[in-house]
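Enquirer: My questions all concern the structure below.
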Amino acid sequence: MAAGLICPDYQQFGTYPKNMYHAVPYYKFKSRKNTSCLYVPYSLFLVQVENMSEQITHPLGKLLPEREKIETIRILRQESKSAAALAELKGIAKSIPNQSILINAIVLQEAKDSSEIENIITSQDKLYKALSINSAKTDPRTKEVINYRQALFFAYNILQKQEFISVNDIILIQKQLEENSAGIRALPGTVLKNEKTGEVIYVPPQGKDEILELMDNFIHHYNVNENNISPLTLMAVLHAQFESIHPFYDGNGRTGRILNILYLIMNRLLDVPILYHSSYIIENKSDYYRTLNKINKSNEWEDFIVFMLKSIEKTSKHTIKKIKLILDLLDKHIQKVRKEAPKIYKKELLEIIFEQPYCKIEMIVKKLGVERKAASRYLQELEKIALLTSVKIGRENLYINTELMEILKT
């Protein structure tokens, strides 16, 4: 069950009429995608908003829900499994000699899959090519995934400078994702619908003042666990609340998943943003929306919390396997270079081609501080011993770590 928005591509210009006797009888919308305008009769829009408000049977309350709803035996058992898997992931991540190898690989995969949940689909190859070559021809879907990656790094950097997240920080993260300054929703009319049937699933808070009040309540509990609830369980509760507030016109899902990763880091459950979290949601998308809707319809939290905790367990275990494969491949490459091309062996050189699976001469020059001629020779030697495969794109040669790419695609 996927969610969509009514009129997601339009922004209001002018002031929202305070009453039905307002002098201007039309709403004027302008598309973010082109310069055309859409005029909607105010009377029709008023009826639409009023009808939507009737569908809210369970108004969104503030955090926290009753403790007995979020600390059931089933939740506590799953929380224990998830915490153990996450702790193992945190430990094995420290065995990677260069954390950038892992961060780049996992973050890009997370960006791809998190965007795929929102039907923004691209390929690993397109992503790495786009990151390696500055091109104005990058297709819009690939660009949106790259924006997610940049937004995640932007958010992680915020957390490195301070040990809390503010509402304004969340607005800035969403701005990085969407490349616009629309900010918190101010225009009534947003509803979440079933894409196939058109059925309205959920009507989030409509007024900006109410949204901001709920966001203040959300961010308080995000930064302060005053009830000593398990951070993993509280992460699930916070995620459900954020998605239910639905504070932005676009990018709520992706922003919410970035906040999940930040929350784990903030609570010392991870050191770096490496949880490959969205793959589980893609595989179980209907269950994600079904259990989330149960909270808003009948205040039933258990199924959604268990779902989110399972996603932590499963994706932690999947990432652990991937890390082990990367470590084994790195060791294999080191041994091969030492044996077949000892003159160019440098630990830092091998780390670069793992950090940048689509590598080019300029990257070697910058990272190793060598001349272009030497960098070119290093890459050519690695290709000769079959560690890299070169492809020409435009005027540039890219050297692909094909075995690593196969691991990253799984």
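Enquirer: Taking Ser181 as the residue in question, decide whether it is hydroxyl-bearing (Ser, Thr, Tyr), over 23 Å from Ser298 (Cβ atoms) and modelled with pLDDT of 90 or more. Spell out how you get there, then give the answer.
Expert: Details: hydroxyl-bearing (Ser, Thr, Tyr): yes; over 23 Å from Ser298 (Cβ atoms): yes; modelled with pLDDT of 90 or more: no.
The answer is no for Ser181.
Enquirer: List the helices (runs of 4 or more DSSP H) inside the range 263-356, counting only whole elements, that have at least 1 residues being under 24 Å from Glu383 (Cα atoms).
Expert: On the way: elements: 278-283, 285-298, 302-340, 347-355.
Ranges flagged: 302-340, 347-355.
Enquirer: Oh, and also: Report, by residue number, each residue of the range 345-382 that is small (Gly, Ala, Ser) and more than 34 Å from the chain's Cα centre (by Cα).
Expert: We begin by selecting, within the range 345-382, every residue small (Gly, Ala, Ser); these are 369, 374-376.
Correct list: Ala374, Ala375, Ser376.
Enquirer: Going by what's in this entry, would Lys208 be described as more than 26 Å from Tyr289 (Cα to Cα), modelled with pLDDT of 90 or more and over 16 Å from the mean Cα position of the chain (by Cα)? Steps first, answer last, please.
Expert: Working: more than 26 Å from Tyr289 (Cα to Cα): no; modelled with pLDDT of 90 or more: yes; over 16 Å from the mean Cα position of the chain (by Cα): yes.
In short, no.
Enquirer: Are there any pairs, at least 6 apart or on different chains, whose C-beta atoms fall under 8 Å, with the first in the range 58-78 and touching a residue at least 60 places away in the same chain (Cβ under 8 Å) and within 20 Å of Glu226 (Cα to Cα) and the second part of a helix (DSSP H, G or I) and acidic (Asp, Glu), and if so, which?
Expert: From the range 58-78, the pairs are Lys69/Glu302; Ile70/Glu302; Thr72/Glu302; Ile75/Glu302.
Enquirer: Quick one: which of Lys346, Lys324, Lys367 is basic (Lys, Arg) and closer than 20 Å to Ile407 by Cα? Break it down into steps so the answer makes sense when it comes.
Expert: Working: Lys346 fails: closer than 20 Å to Ile407 by Cα; Lys367 fails: closer than 20 Å to Ile407 by Cα.
The unique qualifying residue is Lys324.
Enquirer: Is one or more of the residues making up the range 184-197 part of a helix (DSSP H, G or I), more than 26 Å from Leu408 (Cβ to Cβ) and under 21 Å from the mean Cα position of the chain (by Cα)? Lay out the reasoning, then the answer.
Expert: The initial filter retains those residues of the range 184-197 that are part of a helix (DSSP H, G or I), namely none.
No, there is no match, as no residue in the range 184-197 is part of a helix (DSSP H, G or I), more than 26 Å from Leu408 (Cβ to Cβ) and under 21 Å from the mean Cα position of the chain (by Cα).
Enquirer: For His221, which of the numbered conditions (1) within 23 Å of His318 (Cβ to Cβ); (2) touching a helix residue (DSSP H, G or I) at 6+ places or on another chain (Cβ under 8 Å) fails to hold?
Expert: The one condition His221 does not meet is (1).
The values are calculated or read from the model by the stated rules, or taken from the named source; none is laboratory data. Note that the structure is a prediction, hence the values are computed from the model and not measured. Note that each Cβ is placed from the backbone with ideal geometry, even for glycine, and that neighbours are counted across all protein chains shown.
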